[in-house]
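Okay, structure first, notes after.
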Ligand SMILES: Nc1ncnc2c1ncn2[C@@H]1O[C@H](COP(=O)(O)OP(=O)(O)OP(=O)(O)O)[C@@H](O)[C@H]1O
Ligand SMILES: [Mg+2]
């Protein structure tokens, strides 16, 4: 095999390479290094690192890299530093250093340079977007709090009075009286409005404070009696299958987390219309944390509804408020987790909760 000249190889790599001798004088720089530093070989080769970079006040982090290597013997130190080219262009560089050795003697320092300006701008933009998202979500929680207080005063109190008086009137009117039907409708509507206002206040009260290390298998198995009794009451045949390894624990507020699972499971029960149905809860550990999957064999979520199901008051049901998944999302976010919902391929719906380890 032909021997490829090593300079060819060094010029072909994307990283910049600068080699300093043991006096700190540049003895080699490949083309990418010159491009990154904005210096040509005449300006670079034969100059000492100090001569080249120490006078640039702005570049103190960059020039410091070599000082660290020599004075503190920091090798293979990977640093991200700002660099200003002679044309005053700012670049963000990733700098890695290692010693150049001949036999066992150190003869110089190799400096590897990568221009990560674009990457760090992207990271910066992503951070700003995340901060903005966080700010908006805090703002939303804040507005919801204010709204809920107004709802409590403006709707809940009058609605409670309407409901109370209607029930009193119904007691004084015969069952046969046609007016009774109107009163029943008023009572039902007042009840619904009362529920909406209550779920609003409940939403703003959601705050995970009592964190504990919980065995998820026990918590999820503990929901079985409730599921079975609701299914019985609604005369539905539902099998509840739990597949959670015993050792999996999570740092959660058990009361709140149970509330979230209750809402999700209630949706599953409601989606199983006729015939026997199944609800499976599977929990496993993944690289990104703990995954909790809740699957049902119900009528399945409509793909067009998925973007809206975590919004307040979104419902496709006739007598529900559409606050369930809105509360669930808040609970999971309180736990710094995430939640998604999808239509299963053959039948039913799958909810996926991701919790940090
Ligand atoms: N397991 C599921 N199967 C099918 N559709 C679902 C399922 N879970 C949620 N959905 C859809 O998402 C909508 C919103 O769910 P959400 O729990 O927020 O409200 P809701 O159940 O309608 O009312 P509430 O929970 O306040 O009683 C539901 O109306 C339904 O269309
Ligand atoms: Mg619901």
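Only residues that are surrounded by fewer than 19 Cβ atoms within 10 Å (Cβ to Cβ) and either within 12 Å of ligand 2 (Cβ to nearest atom) or in contact (Cβ under 8 Å) with a residue 12 or more places away in the chain (or both) were counted across the stretch 287-302, and they come to 7. Just one of the listed residues (81, 95, 141, 111) is surrounded by 15 or more Cβ atoms within 10 Å (Cβ to Cβ) and either on the phi > 0 side of the Ramachandran plot or at pLDDT below 80 (or both), and it is 141.
Please determine, by comparing only the residues of the stretch 314-357 that are free of Cβ contacts under 8 Å to residues at least 24 places away in the same chain and in contact with a strand residue (DSSP E or B) (Cβ under 9 Å, 6 or more places away or on another chain), which one is farthest from ligand 2 (Cβ to nearest atom). Only one residue tops the list, namely 336.
Counting just the residues of the stretch 114-138 that are in a helix (DSSP H, G or I) and surrounded by 15 or more Cβ atoms within 10 Å (Cβ to Cβ), which one comes out farthest from the chain's Cα centre (by Cα)? Top of the filtered list is 117. Condition first: in a helix (DSSP H, G or I) and surrounded by fewer than 15 Cβ atoms within 10 Å (Cβ to Cβ). Now tell me which residues in the stretch 37-64 satisfy that. Passing the criteria: 41, 42, 50, 51, 57, 58, 60, 61. Comparison of 246, 205, 262 shows that the only residue that is within 15 Å of ligand 1 (Cβ to nearest atom) and either free of Cβ contacts under 8 Å to residues at least 40 places away in the same chain or more than 25 Å from residue 337 (Cα to Cα) (or both) is 262. Going by what's in this entry, would residue 319 be described as in contact with a helix residue (DSSP H, G or I) (Cβ under 9 Å, 6 or more places away or on another chain), more than 21 Å from residue 215 (Cβ to Cβ) and either at pLDDT 95 or above or surrounded by fewer than 16 Cβ atoms within 10 Å (Cβ to Cβ) (or both)? Here the answer is yes, as residue 319 does meet what is asked. Among the residues of the stretch 255-276, those that are farther than 14 Å from residue 328 by Cβ and surrounded by 18 or more Cβ atoms within 10 Å (Cβ to Cβ) comprise 269, 271, 272.
Checking 183, 168 one by one, the residue that is more than 22 Å from residue 330 (Cα to Cα), more than 38 Å from the chain's Cα centre (by Cα) and surrounded by fewer than 15 Cβ atoms within 10 Å (Cβ to Cβ) is 168 and no other. Just for the stretch 303-313: of the residues that are more than 8 Å from ligand 1 (Cβ to nearest atom) and touching a residue at least 24 places away in the same chain (Cβ under 8 Å), which one is surrounded by the fewest Cβ atoms within 10 Å (Cβ to Cβ)? So the residue we want is 303. Scanning the stretch 9-36 for residues that are part of a helix (DSSP H, G or I) and touching a helix residue (DSSP H, G or I) at 6+ places or on another chain (Cβ under 7 Å), we see that the one that is surrounded by the fewest Cβ atoms within 10 Å (Cβ to Cβ) is 11.
A quick yes/no check of all residues on (1) surrounded by 15 or more Cβ atoms within 10 Å (Cβ to Cβ); (2) part of a helix (DSSP H, G or I); (3) not assigned by TED's automatic domain parsing to the domain that holds residue 294:
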site	(1), (2), (3)
194	yes, yes, yes
227	yes, yes, no
236	yes, no, no
246	no, no, no
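The values are calculated or read from the model by the stated rules, or taken from the named source; none is laboratory data. These numbers come from a predicted model, not from an experiment. Cβ atoms come from the backbone with ideal geometry, glycine included; neighbour counts cover every protein chain shown.
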